[in-house]
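For reference, the structure is listed below as C-alpha cells.
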Amino acid sequence: SQEVETGVGLARKAGDHLDQIVLASKQVWDMVQQIAVAADEQSRVIQEVAASLEAVARVTDQTSAGADQSLTSTRSLDQMTTELKELIGRFKLDGANGSEKQEALSLWRERTPARRALR
C-alpha cells in the first residue's frame, strides 16, 4: 500500500541521514585525533626550544663570567706593569743620560704584550 511505501521511503531517508551522521562523526573523530597529534608535536617542540634557550643562557653566563675574569686579569696585569715600570725607573743606567733612559723605557713598553693589548 501507499502508506507502507511512504513508510519505507521515510525509513530509507532516515537510514541515509544516519549514515551521513555516522560518516560526519567519523570525520570529526579523525580531526580530533589529528589535533591531538599536532598538539603533542607542538608540546615536544616547545620543550626542545625551552631546553635550547636554557643552554644558551648557560653559555651566555659562562661567557660573561669569562669576560669578567679576563677583565680582572687584564687590570691586574696593567697594575703589575705600572709597578714594574716604577721599579725599573728607579734603576740608573751607568753612563746613560735622560734621553737614553727614555729610549730604553720606550723599547720596554713596546715589547710588553699586555701594554700593547691595552692600547
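The values are calculated or read from the model by the stated rules, or taken from the named source; none is laboratory data. Computed from a predicted model, the values in this text were never measured in an experiment. FYI the Cβ positions are ideal-geometry reconstructions off the backbone, even for glycines, and counts take in every protein chain you see.
Some observations on this one:
- Residue check for I88: β-branched (V, I, T), surrounded by 10 or more Cβ atoms within 10 Å (Cβ to Cβ) and at pLDDT 95 or above: no
- Pair list, Cβ under 6 Å, 6 or more apart: the range 4-25 residue on the phi < 0 side of the Ramachandran plot and surrounded by fewer than 10 Cβ atoms within 10 Å (Cβ to Cβ), other residue β-branched (V, I, T) and in a helix (DSSP H, G or I): none
- The set of residues in the range 53-80 that are closer than 30 Å to R109 by Cα and not small (G, A, S) comprises D68, Q69, L71, T72, T74, R75, L77, D78, Q79, M80.
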